[in-house]
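Readers should treat all values here as calculations from the given coordinates under stated rules, not as data from a laboratory. The structure presented is a predicted model; accordingly, all values stated were derived computationally and were not measured. All Cβ positions, glycine included, derive from the backbone under ideal geometry; neighbour counts span all protein chains shown.
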Amino acid sequence: MFRNCINLETFIFESSDKKDHNILNMENMFYNCYSLKSFSFNNFNLSYYRYEEIIEQNGNTSTIIPYYYYYNISMSYMFFNCTNLETIENTYNIRYISNMSFMFYNCASLKTIYLANFIKEVGKNIDLSYMFYNCKKLETITFRSSYFDLSDMKYMFYNCSKLKQINNINYFRSSNNLNMSYLFYNCQNLESISISNAHFKITDTREMFYNCSKLTTLTFYPYSTKTSINMSRMFYNCNKLKSITINNGYSYIYPNDISSMFYNCRSLVTLTMNKFDPIKIKIEQMSYLFYNCTRIVNLNIFLSINFTNEI
């Protein structure tokens, strides 16, 4: 709609009522509008639906029942490369979003975003990959406190180097295999994250917390997956991380690569990995596993493997 409007600086849209506006696709809406600084939707409810009237017969009485069929809305690439975007103000709700991938990609000036006013209801299998990629000034994100059924999270917060707080991430779920690789890559100011109540069925966590150098504690519970997982360099250079708990013991984790997984976690004291079964791993895929973990004291790991070479 406004793709490559490179001189657009402000966008304000106000609705005189709070009725639903029938819109299906907002992809690429402000793509490469790199001069855009502020964006505001006020009193704006967004959904895409088909309206039907169903006649219900009860004896001699007929009742007309209105029925709405809602469709998923895509917002991928919506603010892609809006490098000067600083504020997003909204008092509107969106129903049934299916795709938010690349939505704020390279919005390098964005500091805070409150998505709780953004989303009223969500669809299934939502793609959040690359959503905040390189939002390097972003400090706080608040998601709505309702369940998100996700299909992809790879690179979601990649290089959000000032990110300190993520609210309501425990409402995230995945019913399908989920890619979480590079999720918090280089989030250097993230000090703690609790995703113990979130339910993730995962296939890839490589470099998930790579260089999260201020992270001190972490609890991470993936669940019920028989798919093998790449976990290489997952905590690479998390040099202030003191305690890690992976898995709650209700299901097995089958990693296929754990090389350099705790590389340079030099403050790590306690590590608990329940039902961790790397039985199919080749020995070279375990290289540098605990490299420079000089303070580790407590290891509680379930391993069913015969070591034949030095790790």
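D for the range 135-239, whole µm²/s, Stokes-Einstein with Kirkwood Rh over alpha-carbon pairs at 10 °C and 1.306 mPa s: what number? Present the calculation step by step, with values, prior to reporting the outcome.
On the way: Rh = 13.7 Å.
My calculation gives 116 µm²/s for D.
Where does the charge balance sit around I141 when Lys and Arg score +1, Asp and Glu -1, over other residues with C-beta under 12 Å from its C-beta? Counting the neighbours of I141, the net charge comes to +3. Within the shell of other residues whose beta carbon sits under 10 angstrom from the beta carbon of S192, the net charge comes to +1, with Lys and Arg scored +1 and Asp and Glu -1. Mind giving me the FRET efficiency for L8 and K240? R0 is 51 Å, r the Cβ-Cβ distance, nearest 0.05 is fine. The computed FRET efficiency comes out at 0.75.
Separation of the alpha carbons by more than 22 angstrom is noted, of K136/K201; K136/K164; K111/K201; K162/K240, for K136/K201; K111/K201.
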